[in-house]
Amino acid sequence: MTGTTASQASRASTDGQEEARVGSSPAASELLLPVAPPSSVLVVGTGLMGTSVGLALRARGVQVWLSDIDQGRVETAMDIGAGEQWVSEVVDHVVLAIPGAAVAHEMLRLLPAQPTASFSDIAAVKSSVQRDIETLGGPLDRFVGGHPMAGRELEGPEHADAELFVGRPWALCATSSTTPTSLAATRAVVQLCGAVPVFINAERHDASVALLSHLPQLTASALSALAVPVADAELRLAGQGWRDMTRIADSPADLWAGIVVSNAAALRAPLTALIARLHAVLQELPPSARELLEPPVVTPLASSPLDLETQQGLLREHVLALVAAGNSGRRRLPDKDAAAGRWDRVLAVVADRPGELARLLLAAGAAGVNVEDLHVEHQASHRTGEVTLYVQEGAGVPLGLALQAQGWRCRVEPGARGPRSLAVDGPVALGGAESSAG
Ligand SMILES: NC(=O)c1ccc[n+]([C@@H]2O[C@H](COP(=O)([O-])OP(=O)(O)OC[C@H]3O[C@@H](n4cnc5c(N)ncnc54)[C@H](O)[C@@H]3O)[C@@H](O)[C@H]2O)c1
């Protein structure tokens, strides 16, 4: 791949995972630079994501130091083995696992203590972070924006998971001045976490996630919000299509308000395109005799031009209200989804080959556990998938242990909306026992 400038390219990296490159990526041609992976990493922000990074790196023998504005979170992360308390140790690389708006300030604050380290972050929107560092005069040559396409709807170190990133794409956005050494170090961190690097520039990343992640969230929330005034009797007719389309409307409003505000410019085009498509259908619809729904009252924005801060404040309020209404709509769904809140989830990594799913289900049957539902998520860039088995509350941990004993790599989340998750780590089944189910 040295010297490649193709707009879309991919290749197998040294560990067999398929790296991808979208667009011309600064310094990408230097990626074969023989740079040793960082042997020490400081993780700033010991929430769900930062603690998961710490656990993953520790498992690969990296010295991990931890820091957070909330000391209680550092202690929880240390208790579960994600690393040690950072005091002033000099490291090779710093992962800023904190909200995007805080990344630039935190990087600058750490520079005197970390004179040579490269830095990366994991926030969901990339251009605004790069802009903030530039505005504050930070060293963009030592920075690579990152965004793991993995996560959970839960927050805090107690939900962290060393396997969270396995096989997942992890966007890497080098700046125009990022050094090859910084890029290689960040890429090594990503690979040590088990993720698959995708090299893309920040603008294209933000446009992509606006279409592929942020627009679906707003759409799901808006759809789910429409269920709020619908009578119970009618909601009983909600089928799998409605449930699938609104699943992500359970997400937290505060998180999404922040994401939408920081990626507002990139969202305009896909949102306009979606509305135009729906509007074309609307125009051809005859008036109906009896409407199930009144159109929602949407407060118009002020007609006079607004300063940026006021505009962002209004956008934030609208998104908060929309996502909260979507949460309410989901809570109104009858039976199955209410029961789903009480199910344990067992998430297992399966190899993408014939018979693996059957082998997993047979193992669950042999453990005497009834699988209520299941969901398969494929990783196109990696020859694995993640299967979520939904089982009765209380059955998740015994099933996880039984699967682990047979060599499956899995983790258990007691109660889909329950208070804690429990990692049940075991040797991965990818090259393991032959399938008995063909
Ligand atoms: N949760 C997900 O599914 C997901 C997925 C991809 C990316 N992300 C990104 O990962 C980052 C962390 O998210 P999370 O889910 O772990 O959130 P979280 O709330 O679980 O953890 C964030 C942690 O950062 C700490 N923090 C905040 N500001 C800080 C500062 N200035 N200095 C030190 N610590 C600070 C908080 O105390 C908290 O412990 C965010 O940028 C988020 O957008 C999250």
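The values are calculated or read from the model by the stated rules, or taken from the named source; none is laboratory data. Please read these numbers as outputs of a predicted model, since none were measured by experiment. Quick reminder, even Gly has a Cβ in these numbers, built from the backbone with ideal geometry, and neighbours come from all protein chains shown.
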Quiz item: Of the residues in the range 38-52, how many are within 10 Å of the ligand (Cβ to nearest atom), closer than 24 Å to PRO180 by Cα and out of contact with any helix residue (DSSP H, G or I) (no Cβ under 8 Å at 6 or more places or on another chain)?
Solution: 0
Exercise. Identify the single condition in (1) under 21 Å from the mean Cα position of the chain (by Cα); (2) buried (at least 23 other Cβ atoms within 10 Å of the Cβ) that SER224 does not satisfy, given that it satisfies every other one.
Key: (1)
Quiz item: If you check ASP254, ASP244, which single one turns out to be within 30 Å of PRO334 (Cα to Cα), in a helix (DSSP H, G or I) and free of Cβ contacts under 8 Å to residues at least 24 places away in the same chain?
Solution: ASP244
Self-check item: Residue that is farthest from ALA101 (Cα to Cα), among those in the range 263-283 that are part of a helix (DSSP H, G or I) and among the polar types (S, T, N, Q)
Solution: GLN283
Exercise. Would you mention how many residues in the range 74-129 are in a helix (DSSP H, G or I) and more than 20 Å from the chain's Cα centre (by Cα)?
Key: 12
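Here is a check on your reading of the model: is ASP244 surrounded by fewer than 14 Cβ atoms within 10 Å (Cβ to Cβ), among the acidic types (Asp, Glu) and either over 27 Å from THR186 (Cα atoms) or at pLDDT below 95 (or both)?
yes
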Self-check item: Failed condition for TRP86, given (1) out of contact with any Gly (no Cβ under 7 Å at 6 or more places or on another chain); (2) more than 11 Å from the ligand (Cβ to nearest atom)
Solution: (2)
Quiz item: Given LEU183, LEU164, which one is buried (at least 18 other Cβ atoms within 10 Å of the Cβ) and away from the ligand (no atom under 16 Å from the Cβ)?
Solution: LEU183
Quiz item: Quick one: would you say GLY100 is more than 11 Å from VAL44 (Cα to Cα) and crowded, with 19+ Cβ neighbours inside 10 Å?
Solution: yes
Quiz item: When VAL387 is evaluated against the numbered criteria (1) of a type outside the set (D, E, K, R); (2) at pLDDT 85 or above; (3) over 28 Å from PRO252 (Cβ atoms), which criterion, by number, is the only one it fails?
Solution: (3)
Exercise. Taking only the range 139-152 into account, find how many residues are assigned to a loop (DSSP other than H, G, I, E, B) and within 7 Å of the ligand (Cβ to nearest atom).
Key: 3
Quiz item: ILE80 is checked against (1) in contact with a Gly (Cβ under 8 Å, 6 or more places away or on another chain); (2) at negative phi and fails just one. What number does that condition carry?
Solution: (1)
Quiz item: So which residues in the range 142-161 are in contact with a strand residue (DSSP E or B) (Cβ under 9 Å, 6 or more places away or on another chain), farther than 18 Å from GLY54 by Cβ and surrounded by fewer than 24 Cβ atoms within 10 Å (Cβ to Cβ)?
Solution: MET149
Practice problem: Could you grab me the full set of residues in the range 50-73 that are farther than 11 Å from CYS193 by Cα, of a type in the set (Ser, Thr, Tyr) and under 21 Å from the mean Cα position of the chain (by Cα)? | Solution: THR51
Quiz item: Hey, does the range 124-136 have a residue that's touching a residue at least 24 places away in the same chain (Cβ under 8 Å) and within 27 Å of ARG409 (Cβ to Cβ)?
Solution: yes
Self-check item: Count of the range 103-120 residues which are of a type outside the set (Asp, Glu), crowded, with 18+ Cβ neighbours inside 10 Å and near the ligand (Cβ under 9 Å from one of its atoms)
Solution: 1
Practice problem: Evaluate the following for ALA266: is it modelled with pLDDT of 95 or more, surrounded by 13 or more Cβ atoms within 10 Å (Cβ to Cβ) and within 16 Å of the ligand (Cβ to nearest atom)? | Solution: yes
Practice problem: Name the single residue, out of those in the range 121-138 being closer than 12 Å to THR175 by Cβ and surrounded by fewer than 17 Cβ atoms within 10 Å (Cβ to Cβ), that is nearest to the ligand (Cβ to nearest atom). | Solution: ARG131
